[in-house]
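Taking it in order: structure first as structure tokens, then the write-up.
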Amino acid sequence: MKFEPTLHKLSNGLTVILDPMDIETVNMKFSAQTGGRDESELELGITHFLEHIFMKGTSTHPSPRSIKNFIENNAGTINASTGNSSVQIYGRILSQNLFVLVELISDLLKNSLFNEKVIENEKKVILDEYRRSRDDKNTEFFYFQVENLFNGSGFSHRTLGAPETIQSFTRDQLLKYKDSRISANNSAISISGKIIDSEALLEKLENLFSWLPSFEVSTNSDAIITPASGHNLKPEQKNVMLKICFSDIWEKTFENRFRQQCVGRFGGVLSRRLHDKVRNENGLVYGIWVSDIGNENTKVNNIYTTSAAENLEKIVALCANASVEILNNKLITQEELTIDKTIRLLGNADFLESADKRSNRLLNFYRKYGKLYDFYDVVKMGQSTTLDDVYENAKDYFKNPVGILTQGPEFNIDLKAIWEDNFK
């Protein structure tokens with residue numbers, strides 16, 4: 001499947017990315033670069049609240065049910081989401097009905113009613129969402145990590161906010177926040193799928209989105225790493241969730257993309273090695289992975305698994321032994337590197353075949369670098385990686401330990417000391 005996106009600007013400066021695909025549907029996303037990290041202490045959760053109200057009705061479609069019925073009657077779906085750095089309205093529809101989706105997203109952004117009774121009712125809904133998130137162990141562990149590893153930065157903000165802020169928001173406050181945070185300058189539209197007539201589509205977008213004003217919007221993209229180790233006590237959990245964390249090596253710049261790919265290759269091989277050592281040879285875990293956490297500029301790499309408390313000491317020791325062995329003795333083989341490159345071809349195919357993934361990556365890449373994502377350049381870069389490249393660029397992978405974070409029942413083991421004793 002081809003990948004030939006094009007970049008366009010509307011008269012107000014709003015960025016539009018068109019990504020034609022040989023499929024029968026089309027995916028459209030409107031994304032504004034503002035989210036939880038940009039909120040003050042008294043505004044925590046306001047972007048997420050705003051997202052909810054966008055979906056509650058306009059003069060044309062005065063209720064959530066009428067919005068849903070309208071889009072489904074045109075063979076489509078519509079939804080919205082909020083993250084730490086963005087708020088989005090997005091949908092998918094049969095290609096012949098694309099203009100229906102374009103018109104609806106514009107209507108939701110421009111003409112949402114912000115009905116005061118609806119706002120009061122939605123507070124109860126969002127409070128329920130907040131309570132459910134606090135009951136979710138994965139969500140709780142995520143925020144335990146960011147609150148420790150990025151303490152004091154906007155990245156540690158909970159997207160849902162807090163009960164006291166959720167209950168405090170007024171119609172005027174929501175409207176004022178919308179008008180001050182969503183601009184043509186910090187927003188973009190990405191459309192991936194079957195685009196029948198690009199010129200007609202751009203003309204339609206101009207007619208429907210040129211109302212969006214253009215002004216500069218500040219963004220809080222700092223995410224300063226604060227090394228920390230700790231345990232989030234959750235006695236009701238049967239297993240302990242474990243992350244062994246290290247600061248990323250390379251600054252997230254356009255020029256460092258090859259270095260980052262090399263680090264990714266190292267992480268892929270390390271992940272498979274740890275899986276063999278900790279699961280297959282010792283039967284201590286169901287799975288073990290190498291991943292990262294952070295924003296577009298600053299990340300922390302980590303080794304992640306879950307297991308019973310009595311297994312933690314051995315798991316950390318095995319991870320340290322295997323990690324230092326790979327690093328010091330250069331035990332990654334050409335076969336392992338080839339396998340890593342080959343399995344990524346399947347991921348590349350998954351990406352090419354998914355309008356949603358393509359749209360997301362195009363938006364995120366443009367937001368970060370101000371450039372169109374070049375899929376084929378990235379693939380070529382990755383396939384050219386040699387063993388020497390991997391070791392040269394990943395040799396400092398474990399140089400900056402950040403800490404060991406856990407969540408679950410109580411245990412009494414100094415895991416950081418275990419790691420240090422075995423990583424020699």
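Determine the gain in length on full extension of the stretch residue 253-residue 179; use 0.36 nm per residue of separation and subtract their C-alpha separation, reporting nm with one decimal. Before the final figure, lay out each step's value.
Numbers: separation 74, 0.36 × 74 = 26.64 nm, distance 3.11 nm.
Gain on stretching residue 253 to residue 179: 23.5 nm.
Rounded to the nearest 5, what is the percent of antiparallel bridges among the DSSP beta bridges in the chain?
Values: 48 of 58 bridges.
Once the DSSP bridges in the chain are tallied, antiparallel ones form about 85 percent.
Testing the spin-label approximation: label points 7 Å from Cα along Cα→Cβ at residue 222 and residue 103. State their distance in nm.
Between residue 222 and residue 103, the simple spin-label model gives 4.7 nm.
When the Karplus curve 6.51 cos²θ - 1.76 cosθ + 1.60 is applied with θ = phi - 60°, which whole-Hz ³J(HN,Hα) does each residue of region 222-233 get, with x for Gly and Pro?
Working through the residues one at a time gives 5, 9, 6, 6, 10, x, 7, 10, x, 10, 9, 5 Hz.
Once the dipole of the chain is set up with Lys and Arg at +1 and Asp and Glu at -1 on Cβ about the Cα centre, which of 404, 287, 249 lies farthest towards its positive end?
Ranked along the dipole, the leading option is 287.
So who's got an amide H within less than 5 Å of the one on residue 193, skipping anything under 5 residues away but keeping other chains? H placed 1.01 Å off N, in plane.
Correct list: 19, 21, 27.
Where the centre of each part is set by its Cα atoms, how far does region 100-120 sit from region 1-59, in angstrom?
First find each Cα centre; the distance between them is then 14 Å.
Counting pairwise Cα distances across region 252-295, what percent come out greater than 15 angstrom?
Working: 506 of 946 pairs.
Of the Cα pairs, 53 percent sit more than 15 Å apart.
How big is the charge dipole of the chain about its Cα centre, in debye rounded to the nearest 20, if each Lys and Arg gets +1 on its Cβ and each Asp and Glu gets -1 on its Cβ? Could you put the intermediate results ahead of the total?
Values: 50 positive and 57 negative charges, 50 e Å.
Charge dipole of the chain: 240 debye, to the nearest 20.
Step through the residues of region 270-281 one at a time and calculate ³J(HN,Hα) from phi using the Karplus curve (6.51 cos²θ - 1.76 cosθ + 1.60, θ = phi - 60°), rounding each to whole Hz and writing x for Gly and Pro.
4, 4, 5, 5, 5, 4, 5, 5, 8, 8, 5, 8
How do the peptides 331-344, 250-263 rank, highest first, by the average count of neighbouring beta carbon atoms within 10 Å per residue?
Details: 331-344: 14.1, 250-263: 15.9.
Most protected by this proxy first, the peptides run 250-263, 331-344.
Tell me what the chain gives for mean residue ellipticity at 222 nm when only DSSP H runs of n ≥ 4 count, each as -39,500 (n - 2.57), the sum divided by the residue total, rounded to 500 deg cm²/dmol.
After summing the helix terms and dividing by residue count, I get -14000 deg cm²/dmol.
Expressed as a whole number of Å, what is the distance separating the alpha-carbon centroids of region 66-90 and region 249-276?
If we compute the Cα centre of each part, the gap is 35 Å.
Pop out the ³J(HN,Hα) list for region 92-100 in order, Karplus 6.51 cos²θ - 1.76 cosθ + 1.60 with θ = phi - 60°, rounded to Hz; leave Gly and Pro as x.
Listing the rounded values in order: 9, 7, 4, 4, 5, 10, 4, 4, 4 Hz.
Net charge around residue 13, counting only other residues with Cβ within less than 15 Å of its Cβ (Lys, Arg = +1; Asp, Glu = -1)? Let's see the in-between values first.
Values: positive: 9, 367; negative: 206, 216.
Net local charge, residue 13 excluded: 0.
What is the distance in Å between the Cα centroid of region 330-389 and that of region 392-411?
Answer, in whole Å: 25.
At q = 0.07, 0.08 Å⁻¹, what is the log10 ratio I(q)/I(0) for region 230-422, with the Debye formula run over Cα points and no solvent?
-0.23, -0.30
If contacts are Cα pairs under 8 angstrom and at least 6 residues apart, what is the relative contact order of region 6-209 in percent? Please report the intermediate quantities before stating the final value.
On the way: 342 pairs, mean separation 80.3, N = 204.
Here the relative contact order equals 39 percent.
Taking the Cα atoms only, what angle lies between the long axis of helix 355-369 and the longest principal axis of the chain, rounded to 10 degrees?
With both axes taken from Cα atoms, the answer is about 80 degrees.
Rounding to the nearest 10 and keeping the result within 0 to 90°, find how far the Cα-based axis of helix 312-329 lies from the longest principal axis of the chain.
80
Any of 68/123; 29/357; 29/243 with alpha carbons more than 23 Å apart? Name them for me. Show your work: numbers first, answer last.
Numbers: 68/123 21 Å; 29/357 11 Å; 29/243 33 Å.
In this structure, 29/243 exceed 23 Å between Cα atoms.
Highest mean first, how do 62-75, 16-29 rank when packing is the count of other Cβ atoms within 10 Å averaged over residues? All intermediate terms of the calculation are to be shown ahead of the outcome.
Values: 62-75: 14.2, 16-29: 19.9.
The densest-packed peptide leads the list: 16-29, 62-75.
Enumerate the amide H contacts of residue 161 below 5 Å, restricted to partners 5 or more residues apart or on another chain; note that Pro and chain-start residues carry no placed amide H.
45
Could you give the angle, 0 to 90 degrees to the nearest 10, between helix 198-209's Cα long axis and the longest principal axis of the Cα atoms of the chain?
Tilt of helix 198-209: around 80 degrees.
Could you tell me the largest-minus-smallest coordinate of the C-alpha atoms of the chain on each of the three principal axes, in descending order and whole angstroms?
That gives 66, 49, 37 Å along the principal axes, largest extent first.
If you put +1 on each Lys and Arg Cβ and -1 on each Asp and Glu Cβ, how big is the dipole of region 57-163 around its Cα centre, in Debye rounded to 20?
Its charge dipole is roughly 80 debye.
No lab work stands behind these numbers, since they all come straight from the coordinates. This structure is a prediction, so every number in the text was calculated from the model and none was measured. Because the Cβ atoms are built from the backbone with ideal geometry, glycine has one as well, and the counts that use them run over all protein chains shown.
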